[in-house]
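See below for the structure under consideration.
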Amino acid sequence: MTEASRPVRVRFAPSPTGMFHVGGARSALYNWATARQQGGTFVLRIEDTDAARNKPEWTEGIISALAAIGIHGGDRAFEGPYFQSANAPLHRAAAEKLHTAGRAYYCDCTREQLTTRTGSQQLGYDGFCRDRALGFEEGRALRFRTPDEGATVVVDLIRGEPAFPNSAIEDFVIARGDGSPVFLLANVVDDIDQGITEVIRGEEHLSNTPKQQLLWQALGATPPVWAHLPVIVNEKRQKLSKRRDKVALEDYLAEGYLPEALVNYLMLLGWGVKDDVEIRPYAELEQLFKVEDVNAASAFFDVAKLRSFNGEYIRALTVDQFTAACAPWLAAPRAPWQPEAFDPTVFAVLAPLAQSRIALLGEITEQVDFAFLDTPVRDEASWAKAMKDPVGATALLRSVRERLAGAIWEADALKAELEAVGAEHGLKLGRAQAPVRVAVTGRTVGLPLFESMEVLGRERTLTRLDAAVERLA
Ligand code: GLU
């Protein structure tokens, strides 16, 4: 098979050191789309060699988060997961091979000695041990002998062909004093071993790339094509960080972002189709995606835009799908009401009303809690706003209560009743509604009031009006 017709093999190689980051999700999706659209393979490799920082639960978190965005072992494009730690013998063999071939040498220089020689802590290694022919001894690092002349040109589908002068690439360490290979080498050895043809990863790895490409060549392999994805920044143009920003994919899912909306939004972080259509199902994005079209400039993670995408995805669901998607928020521990108080037939009436109003599934509880709580929530700000004229509010609520006691219990009729009472009190419907809404639902904003009262029923509505009058007194 010629080089060009080699089936594409990409990989996603996260380190299991924390929650699964939205930036990781984007890298994974770009790799996934590349593999799937070309009938290639997506390798999942868990880079778990940093024993001090790795935890098995992070690995599980990665696998389940990937599944949530549609990347899973059930698909024929998926291969793995492989664990970097399992490849340790191969990493050591590669280090030895490089040493035997004269491409790497042992070095016993200390940081202090180097600083004294170069007069700076900033400068790279000066090559002092290059020709000392030291053998392995505990404490001696193995350094790769980088070429003195020429340049290492990496072919990067997003950044063109940056050239790195070899004279500026220090003889870097490939195995530590205890003999253990460093990440840089392990990463290359695994990529070679797993037949990777394209490395699509975050920009933070670009500076490692010339070193890694030299390793590929020194190990007798044809380097891959690289693609370094732009950094993701917040609204202050700062790199998204877990200390400052909400970055865990799980947190977004827990707030009620739909996986499909997240996937759609993440695919557009640094890439887009020229037609400016933004909302598209993943299957289409997958076909249209081209890593060459990814922008090198940093990508703004716009939470407001993600939220609006999510609202659109929510509205595109059927009511049944919407109800199913809401299920986790309608039950313990998320729902604030007693489990037995939840009534699916009531929810079925409210669901379409809520579906057109919320942007996050997590917002469903506050939309419908009035129907399932014994007494409505007490939102003090809403109360203060709607009842700021306690005398007027009391008078109004009393009249409403009186009228509703005998009203036809149906939304249109309830509306007409309230209009009539409002008129008696010299209030337009909107003004008359506010105290009633707060009395009945606890909040100044929410689902259409008369539909809400209809499902709540006469008895409970009147009880709430009474309670509000009492509280006003
Ligand atoms: N394990 C590295 C990371 O999580 C990825 C390195 C790579 O993609 O080459 O940042």
Residues satisfying the stated conditions in the stretch 374-393, i.e. buried (at least 18 other Cβ atoms within 10 Å of the Cβ) and in a helix (DSSP H, G or I): S382, W383, A386, A393
Qualifying residue in the stretch 69-90 (condition: assigned to a loop (DSSP other than H, G, I, E, B), within 28 Å of G220 (Cβ to Cβ) and of a type in the set (S, T, Y)): no
Within the stretch 196-205, considering residues that are under 22 Å from the mean Cα position of the chain (by Cα) and either in contact (Cβ under 8 Å) with a residue 24 or more places away in the chain or open to solvent by less than 10 Å² (accessible area, probe 1.4 Å) (or both), the one farthest from A297 (Cα to Cα): V199
Verdict on Y30 being among the hydroxyl-bearing types (S, T, Y), surrounded by 13 or more Cβ atoms within 10 Å (Cβ to Cβ) and under 21 Å from W271 (Cβ atoms): yes
Condition check for D245: open to solvent by 50 Å² or more (accessible area, probe 1.4 Å) and either away from the ligand (no atom under 14 Å from the Cβ) or in a strand (DSSP E or B) (or both): no
Options A227, A221: the member that is out of contact with any Ser or Thr (no Cβ under 7 Å at 6 or more places or on another chain), more than 23 Å from G362 (Cα to Cα), within 16 Å of the ligand (Cβ to nearest atom) and in a loop (DSSP other than H, G, I, E, B): A221
Complete set of residues in the stretch 132-191 that are open to solvent by 20 Å² or more (accessible area, probe 1.4 Å), in contact with an Asp or Glu (Cβ under 6 Å, 6 or more places away or on another chain) and under 30 Å from E292 (Cβ atoms): V153, V155, L157
Single residue of K55, K97 found to be open to solvent by 10 Å² or more (accessible area, probe 1.4 Å) and over 22 Å from the mean Cα position of the chain (by Cα): K97
Residue pairs meeting the criteria (Cβ under 7 Å; at least 6 apart or on separate chains; first of a type in the set (G, A, S), in the stretch 258-276; second open to solvent by 20 Å² or more (accessible area, probe 1.4 Å)): A261/Y313; G270/N295
Subset of the stretch 325-347 (residues that are in a helix (DSSP H, G or I), closer than 23 Å to A261 by Cα and open to solvent by 70 Å² or more (accessible area, probe 1.4 Å)): none
Odd one out for K97 among (1) closer than 27 Å to D48 by Cα; (2) part of a loop (DSSP other than H, G, I, E, B); (3) among the charged types (D, E, K, R): (2)
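The values are calculated or read from the model by the stated rules, or taken from the named source; none is laboratory data. Only a predicted model underlies this, so the values are computations on that prediction, with no experimental measurement involved. Don't worry about glycine lacking a Cβ; one is built from the backbone with ideal geometry, like all the others, and counts go over all protein chains shown. What goes into the accessible areas is simple: the full protein's heavy atoms, side chains included, and nothing from ligands, DNA or RNA. Shrake-Rupley method; radii C 1.70, N 1.55, O 1.52, S 1.80 Å.
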